[in-house]
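Reviewing the structure listed below.
Just so you know, all these numbers are worked out from the coordinates, no wet-lab data involved. In this text the structure is predicted, and so the values were computed from the model without any measurement. Virtual Cβ from ideal backbone geometry, glycine too; neighbours counted across all protein chains shown.
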Amino acid sequence: MKILVIGVGGIGGFIGSYLVNNNYDVTFVARKKRLSYLKSDGLKLESELGKIYYPRIKVTEKIPEKESFDIIINTVKLYDFDSVLDEIKNKIKNKPIILPFQNGIYAEEKLKKKLPDIGTIGAVAQISVFVDENQTIKHVGKLATFFVGGYDVEKNELLEGFCDNVQKIGLKIIFKKNIKEKIWEKFIFLSAYSGMTTFFLKSIGQIFEDKVLKKKFIDAMFETYNLSKKFGVSFKSDPVEFWLEKIKNMPFNMTSSMHVDFNNNKKLELDWLSGSIAVLSKKYNIKCPIHSEIVEGIKKLNNFS
């Protein structure tokens, strides 16, 4: 099985480390400083679940032309997503499974429109992981669960088989029939988590020990939950209550990748997270004061636009 991993940050690096460490044929696509490091030093993962170091990997700056892959794991930031889809469309000669591990609800719909003939798969990552200043992939806590499933197709035997096989090597990628529920379930948490940690420059633990900020966080989750109803998404149980239980077991210092990017003066995904909640809520005439406050506040910080 040939696998292409586009973006070797936290999620791409975590999944890719497990795959190469278990003899999967993996090609990585990375850029600039990250590319240079991976070529010279390979992949390094530090996790409570175990450490992985793979000194030599196949890594390139651009998506290979006229090659075929069984699975493409796409982990680039949302602001690069459209251009990467164009590259895949123009360069990859077969019709691979594409797993879009982007934040929010944008990627699957865009994939469906740009590559309608391949069958759209949804993908959700539940993990706190990042690349530190030494280019090491750092996994925070023990939560590392990935969900994939048909977004506009019922079954995919190749993908289901892949999920079964990687679970045997400790990589928890689970096939779900109702992937839309999982996508929105994560978005309910992530939209609040990314926005609140970035706007208030605090970890999840710091937010939840402050009564005012805790209430804002919960209200932000409810705003996204209310929006999900306009998209016809139904949940087996209350997703806000689900996340409140999960948060109790999260590391005190855990924070969002957007908060990390903000601290490092990098481009943010704000427009696709709290920004999209604000835009869509206005479209459907739903109130979302917390996400609106987050968007306005972050854009004022450091003159971000």
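Values computed for the structure shown
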| item | result |
| --- | --- |
| Electrostatic dipole magnitude of the stretch 2-177 [Cβ: Lys, Arg +1; Asp, Glu -1; Cα centre; debye, to 20] | 300 |
| Of 172/215; 77/155; 142/248; 44/248, pairs whose Cα-Cα distance is over 24 Å | 172/215; 77/155; 44/248 |
| Cut-off 18 Å, label 7 Å out along Cα→Cβ of residue 285, residues of the stretch 218-248 by amide N | 226-232 |
| Potential extension, residue 133-residue 164 segment - 0.36 nm per residue separation minus Cα distance | 7.7 nm |
| Calculated [θ] (222 nm, deg cm²/dmol) that DSSP helices of n ≥ 4 give over the chain, each run adding -39,500 (n - 2.57) | -14500 deg cm²/dmol |
| Given charges at beta-carbon only (K, R positive; D, E negative), |dipole| of the stretch 182-303 in Debye | 200 |
| Listed residue (169, 259, 124) projecting farthest to the positive dipole end of the chain, Cβ model | 259 |
| Two-site label geometry, residue 174 and residue 23: point separation in nm, points 7 Å out along Cα→Cβ | 2.9 |
| Anchor residue 168: aspartates and glutamates whose Cα lies under 14 Å away (excluding residues fewer than 8 positions away in-chain) | 160 |
| Per-pair calculated FRET efficiency, R0 = 30 Å: residue 80 and residue 293 via Cβ, rounded to 0.05 | 0.65 |
| Alpha-carbon Rg/Rh ratio, for the chain, with Rh computed the Kirkwood way | 0.95 |
| Rounded FRET efficiency, nearest 0.05, which uses the C-beta distance separating residue 51 from residue 91 and R0 of 45 Å | 0.85 |
